[in-house]
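Step one of this worksheet: look at the structure below.
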Amino acid sequence: MNFLRVIGFSVVMLLAFMGISHLLPQVVPDTSEPVEVSTDGLDMDGMIALGETIYKGKGTCTLCHNGMGRAPDTLEMDMAATFPERLADPRYTGVAAGKEGAKAIEDYILESMKDPSAYVVAGFGKKGTNDTESPMPVVDKAPIELSAVEMNAVTAFLQDLAGLEPTVPLPSAEDTPVSDDSGDGGGEPAPLLTSGENIIGEYGCAACHDLNGSGADIGPSLYGIGKRMDRAGVIESIIAPNAVIADGFDADVMPADFGESLRGSELLVLADYLMSLPDTPPATDDGEEEPLATTALEVIDKFGCAGCHDLDGSEADVGPKLNGIGKRMSADQIKTAILNPNDTIADGFEADMMPDDFADQMDDSELSLIVDYLMNLPE
Amino acid sequence: MKLSRLLALFAAFVLLFAPELALAAADQAAAVLEGAPKPSRLDYPMIGGVSGRTVVWSAAQMHLFLAAFVLAVPLFAIATEFMSVVTGDDRYDSMAREFMKITMAAYSLTALVGGGLLLSLLVFYPHLMGYMVKVFRGQMLIYAMLFGLESITLYVYFYSWDALRRGNRKWYHMSIGLLLNTVGLTLMFIANAWVSFMMSPAGVDPTGAVTGTVWEATRNPLWNPLNLHRFLANIAYGGAIVGGYAAYMFLAEKDPEKKAHYDWMGYTSNFIAILGFIPLPFAGYWLMAEIYAYSQQMGITAMGGILAWLFIIQAVLIGTIMLAANYYLWSGLMRTDRGAEYAKYVKYIAVVVVGGFLVWLTPHTLILTANEIQNLGGTHHKILGPLGIMPAKNTAVNLMLVMTFLSFQLFYRSSRIPTVSWAKSGNMIVVALYVVGITNIVSAGIYGYITPTVYKVGASVPQVVSTLTIIIGSVLIDVFRLRGSKPEKVYWGRMTNRSQYALFVLPVAFTWLMGLMGYIRSSLRTNWHVYTIMKDNSPENYIPTLGDAGNVITAITLGFMAIMVFVFWLSRLGQTKQKGTEDAA
């Protein structure tokens with residue numbers, strides 16, 4: 001009896017520890033095999049956007065360059081004033097010492113990435129080295145291993161941050177491709193999307209934003225956005241959606257990984273397309289309805305389901321994953337979940353996220369198609 | 001620094017027995033100047049649907065649990081044996097022998113699981129193993145030879161116990177024990193060299209080509225911090241497991257004399273566990289500081305990056321251990337008649353320990369929905385948020401350690417009446433030590449709030465110094481204050497059954513904690529087999545989520561518990577005699 005009590009007590013304790021490990025936020029790893037994406041055709045805005053993505057992502061710059069005091073908080077500082085001060089510092093004897101202008105700053109930034117100890121800002125050196133040795137890793141070496149194009153992109157981003165016209169060269173076809181961790185698991189990279197409509201269809205933007213007549217209102221309408229924001233602002237809103245939240249909308253709703261999943265040129269094409277949108281949705285002829293979707297895939301495209309749900313590898317996580325849903329729900333339950341999405345909310349998700357007007361928008365035949373498709377969708 | 005040199009000297013001494021290990025790389029340059037292998041995803045063997053990483057993870061962690069136990073027990077067995085010689089109390093000697101009896105059954109299982117680990121590494125990570133052999137060369141053979149020597153000394157030490165128990169022979173026996181522990185620690189240091197090399201490689205160039213000696217690779221930046229951390233953790237762990245054994249025997253025994261013996265054994269084991277545990281956070285601090293010094297990026301990944309949430313679980317586990325250890329000590333006050341006089345302080349200690357526990361597990365960033373974030377105006381709570389940062393946590397953990405020590409001190413004092421003339425003033429000095437020390441800990445904590453992040457770390461040093469000063473200072477004063485004191489009767493066995501469950505909390509929480517720390521230490525390398533030198537390109541090169549890691553750690557801990565139950569059962573089986581056998585003889 002004692003034995004069973006002791007074992008029971010210990011097992012309950014273990015389960016409690018295990019339970020806590022599940023209660024805490026889970027950082028879901030990217031298990032895909034990295035693929036390389038060509039940066040050929042990227043313009044300077046794209047380089048700046050790419051640079052920001054690398055600065056906050058692969059480059060791991062913000063691990064130290066933040067407000068915690070480990071390294072200068074570059075994103076918050078007045079870099080327009082700081083760069084000239086650094087070049088004029090008598091302690092600085094590097095490649096850009098005594099020089100001025102954007103090109104000198106480019107040289108300075110690149111030098112600081114490749115040889116961080118060439119100049120250490122006072123107070124930020126390794127302990128006991130009297131600011132002669134930097135704790136910063138060399139970014140083109142392991143473990144960060146930025147390519148020349150990636151370092152140029154970061155430089156362009158920092159130059160832009162300082163209000164300068166970037167001076168770095170644009171990438172060419174011969175340049176080393178940029179490593180992109182958003183691969184699909186080892187196959188060939190997905191084909192490059194070259195039109196705004198295709199990109200919006202692929203990434204399901206219309207599921208949340210009023211686009212192509214979707215009328216969705218989870219995110220702000222994108223019509224007329226060119227008058228409300230500049231191009232850089234639109235790019236920032238795509239790759240860092242929580243940086244600025246439009247009035248009346250919530251943070252953390254829009255996926256924050258478009259900076260990684262969109263190719264450089266796709267990002268620019270999308271931004272240009274959005275900038276060119278009219279102020280209001282184009283008028284539709286009364287009585288003329290959108291053509292009926294005749295296959296389940298057309299239904300998914302038309303209503304942008306993959307924009308929020310992980311569906312056949314879309315990896316979106318605003319709504320629950322739909323692969324394998326046929327094993328978890330009956331056809332009637334799926335139908336109800338589409339027509340009245342707030343009736344039952346899956347664990348870990350929130351109410352009022354899915355549009356509740358599919359009953360008006362979706363034809364019965366379309367509903368049947370999508371329900372049948374989902375019922376048979378494998379894990 | 002001195003400690004680091006001592007450890008290095010010790011290891012250098014041992015390695016002198018293997019002359020080829022000290023060969024300069026130049027002698028072998030032609031053979032080894034080739035970079036680390038770069039296996040592609042397809043180069044990692046796929047065997048059915050088996051997760052190679054989980055197999056290696058489980059085998060490595062299980063081997064570590066068992067090895068920590070079988071290395072630690074001989075350490076405090078010889079210390080206990082020495083106590084028996086010094087005090088002349090034979091109970092210590094019997095208990096040391098009983099400690100070793102438990103170890104014997106675990107020893108062969110440790111070797112078995114170690115063999116399983118080696119095989120699984122060779123099967124699932126052949127390129128990594130090939131590279132590690134290239135770096136450490138003959139040291140791996142030395143490891144195998146030392147393992148043989150460890151086996152011989154262990155068996156001789158245990159089986160010669162009664163033959164070498166009295167007089168001068170006892171010193172021979174203890175010499176064998178010393179040799180056993182020397183070999184055991186050397187084994188651990190060598191294994192630590194391999195693990196720490198994977199985190200902070202040395203003796204190789206940036207391509208991984210071997211350019212230095214084995215000694216250079218061994219003495220990599222994180223080797224000594226890891227040695228110290230594991231040495232202390234092993235002692236705490238071994239004590240906790242033997243304590244669990246003693247608690248079970250206490251519950252199972254009906255004979256009051258045996259019950260008293262196991263109560264005493266439980267108390268001593270708990271004492272050893274806490275003795276190893278108290279300096280552990282400081283050793284952990286040194287390890288973390290060295291990680292930051294080696295690679296700031298690696299340090300931030302651990303403390304402020306994707307693994308930061310893990311430290312909330314660590315806080316829960318260590319808090320659980322502290323609460324359980326204190327509860328057991330408070331319960332122990334009922335063993336003496338004067339215990340009631342000290343029991344009145346328990347409620348104050350409990351408030352500090354529970355308060356410290358709550359502060360320690362308060363996260364800086366809260367887990368909230370988007371709406372809650374909007375309502376709160378951010379992810380940090382205005383009042384509780386400040387409790388989530390390091391100054392609050394350092395203050396909490398130091399106060400918890402001080403209070404745990406105080407609980408020990410109360411029990412010890414309840415069993416003795418001082419007779420020296422200055423007993424009262426001595427007590428006043430001890431009280432003053434506590435007051436000044438605690439004030440210093442709290443003040444340094446407050447200073448941490450008003451200074452930049454970089455100096456916050458520095459603010460923890462005076463806190464650690466204050467804690468150690470309180471502990472060492474009051475031990476020294478009590479040693480003199482209680483010299484020639486009148487001992488009070490201690491009624492061993494006068495404990496509640498409930499109190500024994502606290503002794504089960506310790507090994508379970510320790511085991512899970514060690515598993516968790518193994519997960520974080522390994523995750524710090526991110527997607528590198530050998531950090532910055534050899535990339536892990538396997539399909540499982542990512543850091544698993546906390547929940548997934550929790551599942552694996554729980555499964556391994558359950559497996560380890562099953563093994564321990566078997567080990568304890570085996571150790572009891574040797575004493576069981578078939579009914580009627582003696583009569584027949």
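Some values worked out for this structure:
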{"item": "Close pairs from region A:316-330: first assigned by TED's automatic domain parsing to the domain that holds A:P341 and β-branched (V, I, T), partner surrounded by 16 or more Cβ atoms within 10 Å (Cβ to Cβ) and not in a loop (DSSP other than H, G, I, E, B), Cβ under 7 Å, at least 6 apart", "result": "A:I325/A:I334; A:I325/A:L374"}
{"item": "Answer from A:A97, A:A102 - the residue that is within 33 Å of the chain's Cα centre (by Cα) and more than 11 Å from chain B (Cβ to nearest Cβ)", "result": "A:A102"}
{"item": "Residue match in region B:123-144 (condition: surrounded by fewer than 16 Cβ atoms within 10 Å (Cβ to Cβ) and within 23 Å of B:P74 (Cα to Cα))", "result": "yes"}
{"item": "Region B:496-542: number of residues that are touching a Leu at 6+ places or on another chain (Cβ under 9 Å), more than 11 Å from chain A (Cβ to nearest Cβ) and under 18 Å from B:Y125 (Cα atoms)", "result": "2"}
{"item": "Helices (runs of 4 or more DSSP H) wholly inside region B:473-585 that include at least 3 residues being touching a residue at least 40 places away in the same chain (Cβ under 8 Å) and either surrounded by 21 or more Cβ atoms within 10 Å (Cβ to Cβ) or at positive phi (or both)", "result": "B:497-523, B:546-573"}
{"item": "Some residue of region B:454-472 being among the β-branched types (V, I, T) and loosely packed, with under 13 Cβ neighbours inside 10 Å", "result": "yes"}
{"item": "Of residues in region A:1-28 being over 17 Å from B:I313 (Cα atoms) and assigned to a loop (DSSP other than H, G, I, E, B), the one nearest to the other protein chains (Cβ to nearest Cβ)", "result": "A:V28"}
{"item": "Helices (runs of 4 or more DSSP H) contained entirely in region B:247-338, each with at least 3 residues that are at positive phi and either among the aromatic types (F, W, Y) or within 10 Å of chain A (Cβ to nearest Cβ) (or both)", "result": "none"}
{"item": "Any hit, region A:109-116, residues being touching a helix residue (DSSP H, G or I) at 6+ places or on another chain (Cβ under 8 Å), of a type in the set (K, R) and either closer than 29 Å to B:V204 by Cβ or crowded, with 18+ Cβ neighbours inside 10 Å (or both)", "result": "yes"}
{"item": "Filter result (loosely packed, with under 13 Cβ neighbours inside 10 Å and aromatic (F, W, Y)) within region A:123-144", "result": "none"}
{"item": "Residue check for B:I438: modelled with pLDDT of 95 or more and either within 31 Å of the chain's Cα centre (by Cα) or under 23 Å from B:A340 (Cα atoms) (or both)", "result": "yes"}
{"item": "Residue in region B:374-397 that is at pLDDT below 90, exposed (fewer than 14 other Cβ atoms within 10 Å of the Cβ), assigned to a loop (DSSP other than H, G, I, E, B) and within 14 Å of another protein chain (Cβ to nearest Cβ) present", "result": "yes"}
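Residues are listed down the side, and each one gets a yes or a no for (1) surrounded by 14 or more Cβ atoms within 10 Å (Cβ to Cβ); (2) away from every other protein chain (no Cβ under 14 Å):
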| site | (1), (2) |
| --- | --- |
| A:I338 | yes, yes |
| A:P341 | yes, yes |
| A:I345 | yes, no |
| A:A351 | no, no |
| A:P355 | yes, yes |
| A:F358 | yes, yes |
| A:S365 | no, yes |
| A:S368 | yes, yes |
| A:L374 | yes, yes |
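The values are calculated or read from the model by the stated rules, or taken from the named source; none is laboratory data. Small disclaimer: the values here were computed from a predicted structure and weren't measured. Using ideal geometry, Cβ is built from the backbone for each residue, glycine included, and neighbour counts are taken over all protein chains shown.
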